[in-house]
1. Can you pull out every residue in region 3-61 that is among the acidic types (Asp, Glu) and in a helix (DSSP H, G or I)?
2. Quick one: would you say LYS170 is of a type in the set (Lys, Arg) and touching a residue at least 60 places away in the same chain (Cβ under 8 Å)?
3. Let me confirm something: among TYR311, TYR321, TYR286, which residue is surrounded by 19 or more Cβ atoms within 10 Å (Cβ to Cβ), over 19 Å from the mean Cα position of the chain (by Cα), within 27 Å of ALA92 (Cβ to Cβ) and aromatic (Phe, Trp, Tyr)?
4. Looking at HIS214, HIS222, which one is at negative phi, of a type outside the set (Asp, Glu) and more than 16 Å from the ligand (Cβ to nearest atom)?
5. What's the total number of residues in region 251-268 that are in contact with a helix residue (DSSP H, G or I) (Cβ under 8 Å, 6 or more places away or on another chain) and not hydrophobic (A, V, I, L, M, F, W, C)?
6. Working carefully through the options SER206, SER240, find the one that is more than 15 Å from the ligand (Cβ to nearest atom), part of a helix (DSSP H, G or I) and surrounded by 15 or more Cβ atoms within 10 Å (Cβ to Cβ).
7. Checking VAL108 against (1) under 21 Å from the mean Cα position of the chain (by Cα); (2) surrounded by 19 or more Cβ atoms within 10 Å (Cβ to Cβ); (3) away from the ligand (no atom under 16 Å from the Cβ); (4) among the β-branched types (Val, Ile, Thr): exactly one of these is not met. Which one?
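The values are calculated or read from the model by the stated rules, or taken from the named source; none is laboratory data. Computed from a predicted structure; not experimentally measured. Quick reminder, even Gly has a Cβ in these numbers, built from the backbone with ideal geometry, and neighbours come from all protein chains shown.
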Amino acid sequence: MKVPFTNLKALHAPLKREIQRAIGKVIDSGDFAGGPFVERFEEQFANYCGSSHAIGVGSGTDALWLTLTAMGIGPGDEVITVPMSFIATAEAISLTGARPAFVDIDPVTYTMDPSALESAITSRTKALIPVHLFGQVAEMAPLLRVALKYNLKVIEDAAQSHGAEYQNRKAGSIGHAGCFSFYPGKNLGAIGEAGAIVTNDPQLASRLRALRDHGQTRKYHHKIIGWNSRMDGIQAAVLSLKLPNLDRENDRRRAHAAAYDELLGPIKEVSCPRIGNHRTHAYHIYSVRTPERERVLSVLAQNDIGFGIHYPVPIHLQPAYQNLGHRAGDFPISEACSKSFISLPIFAALSPIQIQAVGDALSQAWPATVLS
Ligand SMILES: *Cc1c(COP(=O)(O)O)cnc(C)c1O
């Protein structure tokens, strides 16, 4: 049984007609760059997240970079994040001219370890970006307490956690700003590139609206130097169409995760994801940890099971960040995870037979446990 890692075609097939109709409306209106379709999606997404404002932009990377820029962060500043994330989190910091500083992740939730935060703060620290890795919100309460004490901005990297919750609040709505990606493979995906920021701060929102549109609030009157990161009308129209399905799809992901938990639970060499207190996981990624990863991956490949590795090299050890002067051993949890994580297929349209096939392949990789 072939099990792909993800299947965007299957996800969009039932929506194809509606998507084509939505695109048709945008074509008829000519509102391709920003405009009413974007405004409508912004209102719906802000509402969904429980935030007062949403600002649609070109990508999740832009969302992070523009938010830092709107907060006045730049050269000479430091922004704290985690080494176990997609590179975009650190890139956004670097592109402002600020320096990324890292705090290791917690070994249970794989999100920023609150107990390690305070010692990473310097007189230059201006903000922190906790990453809600794999769809689980970081432990925000203690992070916010430290941020308040040192007067730091908190930007949630919610690119993997649309609809996830922490203490009954939606990912992205808890800090000063939340940054989302609608890259096609994310839990809420566009049919191209898109991103958004949510915030309750009206000043930050209006700064972001200006920054994404060349710093103008009135056409050809530029108060600040901005950039072009307007959301596409077509992407907004499709996102408006898909947003009502998000909760149902996240429920499906949670059901798949529960099925994996049960199948893999008895295999003692495989550690399933765990959930911290007061949280609802959105399972953008279902990543297990196992020793002898290379051998396990070859068993998966022999069985036609798709997989991913998120991420094989932590950011502090990427060649692109050599200039920060980090060495192996600096962030041991992130490093150990990068050597042992395997992401299993968890897209919404996955079938029970496919999940069983993944479980069977992993049992085959660790036959001793099956016998004991
Ligand atoms: C996808 C992702 C981003 C970047 O989003 P893009 O829309 O691809 O620019 C940033 N952070 C994390 C954690 C991501 O997974």
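1. Looking only at region 3-61, we keep the residues that are among the acidic types (Asp, Glu), and these are 18, 28, 31, 39, 42-43.
The answer is GLU18, ASP28, GLU39, GLU42, GLU43.
2. Values: of a type in the set (Lys, Arg): yes; touching a residue at least 60 places away in the same chain (Cβ under 8 Å): yes.
Taking the combined requirement at face value, the residue satisfies it.
3. Details: TYR311 fails: over 19 Å from the mean Cα position of the chain (by Cα); TYR286 fails: over 19 Å from the mean Cα position of the chain (by Cα).
Answer to the check: TYR321.
4. Values: HIS214 fails: at negative phi.
Selected residue: HIS222, the only one of HIS214, HIS222 that is at negative phi, of a type outside the set (Asp, Glu) and more than 16 Å from the ligand (Cβ to nearest atom).
5. Initially, region 251-268 is screened for residues in contact with a helix residue (DSSP H, G or I) (Cβ under 8 Å, 6 or more places away or on another chain), giving 253, 256, 259-260, 263-264, 266-268.
Next cut, not hydrophobic (A, V, I, L, M, F, W, C) only: 253, 256, 260, 266, 268.
The total comes to 5.
6. Values: SER206 fails: surrounded by 15 or more Cβ atoms within 10 Å (Cβ to Cβ).
Sole residue among the options that is more than 15 Å from the ligand (Cβ to nearest atom), part of a helix (DSSP H, G or I) and surrounded by 15 or more Cβ atoms within 10 Å (Cβ to Cβ): SER240.
7. (2)
Let's see how each residue does on (1) in contact (Cβ under 8 Å) with a residue 12 or more places away in the chain; (2) farther than 12 Å from GLY58 by Cα:
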| residue | (1), (2) |
| --- | --- |
| ILE191 | yes, yes |
| ALA194 | yes, no |
| VAL198 | yes, yes |
| GLN203 | no, yes |
| SER206 | no, yes |
| THR217 | no, yes |
| TYR220 | no, yes |
| ILE224 | yes, yes |
| ASN228 | yes, no |
